[in-house]
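A.B. asks: If you scroll down you'll find the structure; I have some questions about it.
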Amino acid sequence: MAKRPAPKTSSLAGTSSIAPPQAEAVPRARESTSGPTPQNPATTEGEAGQKRYPHKVSFYQDKADTDRLRGALLATQHHEGFRSMSKFIDAAVMAEVRRLEQAYNGGQPFPEVSAKGGQLGRPMGE
């Protein structure tokens with residue numbers, strides 16, 4: 001009886017179709033601009049030409065506020081240059097972060113805290 005050849009392994013072996021591939025940490029600039037720029041694209045090319053996407057953040061908001069946000073974005077995006085709601089929200093949040101740093105930390109960036117480094121779970125009373 002002939003010996004069976006060893007099975008070939010796929011380059012996708014050990015990967016998951018659900019979990020994103022583990023990528024090395026990409027250092028981000030501490031200051032973000034108020035709008036999208038060529039230096040701040042939605043995706044960047046990694047070492048092997050793979051796209052690296054920004055970190056995703058989710059939050060809760062009243063529906064009326066979300067509808068108002070969409071209206072403001074759609075009415076002004078051709079004037080302000082925001083190509084997506086993500087860019088709009090990022091610019092607004094980072095403007096507030098810079099204001100807080102100026103008011104409470106002498107204009108210096110606050111120490112970075114990872115997602116699991118802060119308070120976990122819902123605040124009591126909510």
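The values are calculated or read from the model by the stated rules, or taken from the named source; none is laboratory data. Since we're looking at a predicted model, the values are computed, not measured. Methodologically, a virtual Cβ is constructed for each residue, glycine included, from the backbone with ideal geometry; neighbour enumeration extends over all protein chains shown.
A.B. asks: What pairs come out if I take residues in region 107-126 that are touching a residue at least 12 places away in the same chain (Cβ under 8 Å) and pair them with residues that are assigned to a loop (DSSP other than H, G, I, E, B) and not hydroxyl-bearing (S, T, Y) whose C-beta lies under 8 Å away, six or more apart or interchain?
C.D. replies: Correct list of pairs: P109/R30.
A.B. asks: Of the residues A72, A103, A64, which single one is in contact with a helix residue (DSSP H, G or I) (Cβ under 9 Å, 6 or more places away or on another chain) and either in a helix (DSSP H, G or I) or modelled with pLDDT under 95 (or both)?
C.D. replies: None of the others qualify; the one that does is A72.
A.B. asks: Hey, S114 hits all of (1) of a type in the set (S, T, Y); (2) part of a loop (DSSP other than H, G, I, E, B); (3) surrounded by 10 or more Cβ atoms within 10 Å (Cβ to Cβ) but one; which does it fall short on?
C.D. replies: Every listed condition holds for S114 apart from (3).
A.B. asks: Determine whether R70 is in contact with a strand residue (DSSP E or B) (Cβ under 7 Å, 6 or more places away or on another chain) and of a type outside the set (S, T, Y).
C.D. replies: Criteria not met by R70.
A.B. asks: Within region 97-121, work out how many residues are charged (D, E, K, R) and over 16 Å from V57 (Cα atoms).
C.D. replies: Of the residues in region 97-121, 3 are charged (D, E, K, R) and over 16 Å from V57 (Cα atoms).
A.B. asks: Still on this structure: Given the residues P7, P41, P20, P54, which is the only one that is over 28 Å from F110 (Cβ atoms), at pLDDT below 90 and part of a loop (DSSP other than H, G, I, E, B)?
C.D. replies: From the options P7, P41, P20, P54, the qualifying one is P7.
A.B. asks: Related question: Restricting to region 53-94, name every residue that is under 23 Å from S114 (Cβ atoms) and of a type in the set (D, E, K, R).
C.D. replies: K56, D90
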